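Structure provided below as structure tokens; questions to follow.
The values are calculated or read from the model by the stated rules, or taken from the named source; none is laboratory data. Here the structure is a predicted model, which is why all the values come from computation and not from measurement. Glycine also receives a Cβ, built like all others from the backbone with ideal geometry; neighbour counts cover every protein chain displayed.
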Amino acid sequence: MKIHNPFRTAFVATLGVGAGIAILMAVQNLGLVLLYVGTALFLSLGIDPVVSFLERRGLARWLAVTITVVLILGIFGGLVSIILSVVVPQITQLVQQITRLISAQNLMDDVATWLHDVFPNLDVDLVLESAQKWLLGSWTDVGGQLINATLLFAQGLMGAFIVLILTIYLTASTPSLKSAVYQLVPASKRGRFVDIAEQITDSVGFYVMGQVSLGAINGVLSFFYLSIINAPFPAVLAVVAFCGSLIPLVGTITGSTFIVLACLLPEVGSPGAAIAAGVYYLIYMQIEAYVISPRIMGRAVAVPGAVVVIAALAGGALGGLLGALVAIPIAASLLIVYRQVVIPQMNER
């Protein structure tokens, strides 16, 4: 191919490369915003079945959205209050003990005397001086980590607030958003597109509601059973069971392992409680896998186990825990497209 104007060709190519780089940089800079929007869209599709259920009972959409959001916030607030009511007193007690230990007047003298008695040939002053320097350096590192953790916590709260606002807006305007997207499709293909899009949104919604239902069942049953066997902190461990069940594939077994180990804590736990909890969760996981989950998740798209593992790993690598959660309904949506669009087109050729 003969190039008549090399300068113009090179200039246009340079502009194309520059535009591509600019777009990639913009996407990278907007990564957090895109994550917020994607999370809000995922949550709005998840609570849309509840809103639609209330709408079918004669409620206006704005009232159905308000009731649903208030209900979800109430449940979330209850879980947080349960955790804080148990964890905060324990943290306060630990801080008081540490403060009392540090404020002891003769602590260093007692330590020096004990070291002299046990190790008479040891240079106690040098050891204590080195220990003090190490502690000071460690506290500096700990202080920096606490500051970073505080900033991350504040950023997380702000992100949660933004996602909440976006979720409310997207849920309230879901019908109009769907209608606007559908209008972009040619009229000859719009009916088929609408049918597949509705299947995808319904699948995502039923998937989210199904995972939340599984978590609620596991959390409630765990609370009653752990209370019966006198496990430590049954309310907190029930919340752990609930949160674990929200994570597909490995969440239940991970949460169950944590609960069994928590039952072995000294002074508050016991081997008997740990064994009882381990036997219970072994039985529960079988019932959940073969009885509860098929009935609750029956309206969502069935995803093969291998696809679940691959999707969870890929989503986790790209977006962390949230990416792993969102990846599975995305994989289910791609399966719908594959089964109802790609395969029919291939069979027609």
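For the range 274-349, list the helices (runs of 4 or more DSSP H) that sit wholly inside it and hold at least 1 residues that are in contact with a strand residue (DSSP E or B) (Cβ under 8 Å, 6 or more places away or on another chain), at pLDDT below 75 and loosely packed, with under 13 Cβ neighbours inside 10 Å; which are they? Even if it seems obvious, please write down each step before you answer.
Numbers: elements: 293-296, 305-337, 343-348.
Hits in the range 274-349: none.
Confirm whether residue 260 is more than 20 Å from the chain's Cα centre (by Cα), modelled with pLDDT of 75 or more, closer than 30 Å to residue 333 by Cβ and not hydroxyl-bearing (Ser, Thr, Tyr).
So residue 260 does not fit the description; no.
Checking the conditions here, which among 173, 203 is hydroxyl-bearing (Ser, Thr, Tyr) and modelled with pLDDT of 80 or more?
Unique residue meeting the criteria: 173.
Right, something else. Do you know which residues across the range 174-199 are farther than 24 Å from residue 60 by Cα, assigned to a helix (DSSP H, G or I) and of a type outside the set (Gly, Ala, Ser)?
Listed by number, the residues that qualify are 189, 190, 192, 193, 195, 196.
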